[in-house]
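Taking it in order: structure first as structure tokens, then the write-up.
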Amino acid sequence: MTDAFFTCRKNVLLAKSPSTQIEGVFAATRGRSVPEEQEALLQQWLEEGVENLSAGESVPAVRKVSVTLTSDWLEGSELLMTSLSDLNTSPEVTRCADQQLSELNALASSELQDHAVAELARLPAEETVTVGGSAPWAAVVPQTDHQTAGCAGINVEVLNDDPAVLAWSLACDAETVPPVLPARPIQDAVPFYPVPTDVPYHEILWRDWEDLSVQPCVLEQVSKNPSLFEFRVMSYNILAQDLVEQGLDLYVHCHPDILNWNYRLPNLLQEIQHWDPDVLCLQEVQENHYWEQLEPTFKEMGFACFYKRRTGTKTDGCAVCYKHSRFQLISLSPIEYFRPGLDVLNRDNVGLVLLLQPVLPEGLGLKAVSPLCVANTHVLFNPRRGDIKLAQVALLLAEIDKIARTTEGSYCPVILCGDLNSVPDSPLYKFIRNGELSYHGMPAWKVVSGQEDFSQQLYSRKLLAPLWPSSLGVTDKCQYVTLCQPKKLGRRKYSRDFLLQFRFCDVACERPPQLVLLEGVTDAKPVAPAREHSAVTAVPKRHNSLSFLGKQCSGVIQHGLNLTSVYSHFLPQRGRPEVTTMPMGLGATVDYIFYSAEPVESKAGECRRLYKDGALKLLGRLSLLSEDVLLMANGLPNPFCSSDHLCLLASFGLEISSL
């Protein structure tokens, strides 16, 4: 019950703020229709709370929620970073069961409140009660265990100020809420374990901020150029509601209430607002939710937003938002990976590539900062189709190459975010990080993500070169053919060494009939030395016709963006790998933030490329969690985290130079 009430309180407090400055009001998710009697009752509770308001304050409209967008965090957002001791000593939430019972008895003494209990008892368990001045709320069904029942008391002031809390408390007292369904283990998967009732979710799912700017290598670079344009980037797969409803078998461990969009939306918005990113890359954004709820809310928060829905009949897509006070848009390039007639590009995934110009604060004088290229994508999941996934990434890198390339031929800093459905040791991940992959003959399942092993299959699909036809217009270096540098005039098409191997072939030794016969000059037939003659005979006939395979047909693809990952994918303090998602109880890392860095010369024989920070410096990141920690919280999603993925957050600094 402690955990359930904590999550309920977190959502209710989203609408409360001690600040008197309200900068933005956004439309909340509308719940189901409420009968007239309940509407009148809720309005009466609201009027009773108005008496405690100051003369300068006004009551927001019903079905609206006020959000303070000042630098002071919302009280509800602060709970994300609140310790257990602070939560227990909060003036609004106490553990006095006797006080709670006495207050509820006093409140229930009147005929009106008896009527309220009866009316609220008839509400469905998933009903969202939306009250003027409070956040839309869907109750997390509390546990009715005798050891936890009544362990959370509610202050009288909170009851008067927050009708949603009152409604929740009365409903619980009247025993109108069914008990929590026990966590059900999943067959052939790691079992889920219930959360200890005395430890709230935010304590289990605690994530530290790792300040990387204090590392010696970063301090040395920052000391040389202390002027940095600092900004935060978040990448988040927020789990489209349509996909939840289409795959309920994936979420059998979750109570239905926490899968309701009316419950998940406030949680997601609160998390985004708390971490306050300057650039926000979202995946699995449902189209109607974006246009009706997310975009209006993000605009109130100061974001400029761009969205690309998946092609075909899919209802979700990708979104990129940035603070218009920090960046200006230079160019926007949406990408559709679907290409009619190409089996290697026959899926409906999409991406977005933006070129942004940082806005420097006034008073810096003649200063300049490089543009920033931001890319966001959600790659195909299918573990058996690595050829499709690799072609999608190559197409994305070709678009980044076009957008980020400068007139001098170099690249501006690049940040690549997204759900790549690939684990850190997969060939696809290594291709992005190392800049090269030899894929010819590789099993398709191996290239994808490594989430599943199909090595026992007798007839597994293998990748053959070339992976995509030349009609796609993308080279083996992940560049558009039309943008490649033209060859210099007068440059030989074939090298001298290549042509010399044909000087003693049969065609070269035949005297052309139109050649003028000159004794001692054109009448001699060249004779190849013994060792050279044997070498010539070994040359296949296809070389005699000067047809040979280029690098594109050799099964090797490359790119020159020099990208490295923000995360190390391992938690040394726990001795376990990081995870960003947990499908069916199995943790995996499939979400990434890559950024531009400078390669470091590695020792001979090392296949892993090493990097150091260049113009774009990594200053900090939000730590990830391990699989065992998420199992303690009953996996993802849960009452605290409303997506089946964890958000990724990193802080960067761009060098500011003098003009």
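Measuring nothing but protein heavy atoms, the accessible surface of the stretch 618-659 at 1.4 Å probe radius is 54 percent carbon and sulfur. Pull out a ≥ b ≥ c, the square roots of the eigenvalues of the alpha-carbon gyration tensor of the stretch 316-376, then state rounded if a/c is under 1.5, prolate if not and a/b is larger than b/c, and oblate in the remaining case. Taking the square roots of the gyration eigenvalues as a ≥ b ≥ c, the stretch 316-376 is prolate. Show me the trypsin sites (Lys or Arg not before Pro) within the stretch 561-659 that DSSP assigns to loop and that have at most 10 other Cβ atoms within 10 Å of their Cβ. Sites meeting the loop and neighbour criteria: Lys603, Arg608.
In the structure shown, the pairs Lys314/Lys477; Lys430/Lys612; Lys314/Lys446; Lys430/Lys477; Lys389/Lys430 are assessed against 19 Å; a Cα-Cα span above that value is assigned to Lys314/Lys477; Lys314/Lys446. Per residue, the stretch 215-348 exposes 40 Å² of accessible surface when a 1.4 Å probe is rolled over the protein heavy atoms with every protein chain present. Heavy-atom accessible area for Trp206, with the other protein chains in place and a 1.4 Å probe, reaches approximately 90 Å².
The values are calculated or read from the model by the stated rules, or taken from the named source; none is laboratory data. Note that the structure is a prediction, hence the values are computed from the model and not measured. Note that we place each Cβ from the backbone using ideal geometry, even for glycine, and neighbour counts take in every protein chain shown. Surface areas here come from the heavy atoms of the whole protein model, side chains and all, with no ligands, DNA or RNA. Shrake-Rupley method; radii C 1.70, N 1.55, O 1.52, S 1.80 Å.
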